[in-house]
1. Taking the dipole about the Cα centre of the chain, with the C-beta of Lys and Arg at +1 and of Asp and Glu at -1, give me whichever of Y127, T180, N38 is farthest to the positive side.
2. Kindly identify the range 52-128 as rounded, prolate or oblate by the Cα gyration tensor criterion: order the square roots of the eigenvalues as a ≥ b ≥ c, call it rounded if a/c is under 1.5, otherwise compare a/b with b/c, prolate if a/b is larger, else oblate.
3. Dividing the convex hull volume of the alpha carbon atoms of the chain by its residue count, what do you get in Å³ per residue?
4. For the range 76-83, just list the computed ³J(HN,Hα) in residue order, Karplus coefficients 6.51, -1.76 and 1.60, θ = phi - 60°, integers in Hz, with x standing in for Gly and Pro.
5. I'd like the distance separating the alpha-carbon centroids of the range 12-32 and the range 124-168, in whole Å.
6. Return the percentage of antiparallel bridges among DSSP beta bridges fully within the chain, rounded to the nearest 5 %.
7. Hey, what did the range 4-178 get for relative contact order, percent, Cα under 8 Å, at least 6 apart?
8. Any idea what diffusion coefficient the range 90-185 gets from Stokes-Einstein, in µm²/s, Kirkwood Rh on alpha carbon pairs, 37 °C, 0.692 mPa s?
Amino acid sequence: MTMVMDSARLDEMFDLIEAMNVPAGYRAEVIEGEIVMNPQRFVHSTIIRRINRSLEDVCGLDANILWDVRIDFPGALNGYCPDVALLADDAKEDENGGWDYRDVRLVAEVVSRGSRRDDYDAKLKVYAVAGVPTYVIADPKTGYVHVHHAPQNGEYTDVSTYAFGTKFPLPFPEATIDTTNWPRD
């Protein structure tokens, strides 16, 4: 089983983030031991909102859908705050208000200028190692959505790419996402 390492150290780093008073419109997370802050712009937040709505349409309003909430993932110092995370129906917060990465069923990241390397590299690897069934990368700069599915041995075995302005299927949960009105950078 792949384990989260250094949870106590991650707690210290997130305490530091909270003490920093991250400016409005920014999100902070820990990626491979580095505190990373990225701006949340209109395009970014609009796509996140539309993904959430699509998931609510399929899974219901009571579905465990999180956005910008810390989840510690396997490896050293990976305290991510996914743009969107769909958790198992029976997922529960632990005694410290944390969520178990093993309950994550889907993650969607919307690429911003500062997150490109992390979303396409570090997070892609970590989500696969963690066994997240579906990882969606929405890239408003390129106008493409990449759906990574079926992780095995730390890599996704199924990848499909769709252009903004189309509808695309999610393998899990079974849903169709409409990108007709998704904005571009």
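Taken together, the values in this text are just the output of simple stated rules run on the coordinates, not laboratory data. All values reported here derive from a predicted model rather than from experimental measurement. Don't worry about glycine lacking a Cβ; one is built from the backbone with ideal geometry, like all the others, and counts go over all protein chains shown.
1. The listed residue farthest towards the positive side: T180.
2. Taking the square roots of the gyration eigenvalues as a ≥ b ≥ c, the range 52-128 is oblate.
3. Expressed per residue, the convex hull around the Cα atoms of the chain is 112 Å³.
4. 8, 6, 10, x, 8, 10, x, 4
5. With the range 12-32 and the range 124-168 each reduced to a Cα centre, they are spaced 26 Å.
6. So the antiparallel bridges amount to about 80 percent of the total.
7. Taking the mean separation of contacting Cα pairs over the length of the range 4-178, I get 17 percent.
8. After rounding, the answer is 232 µm²/s.
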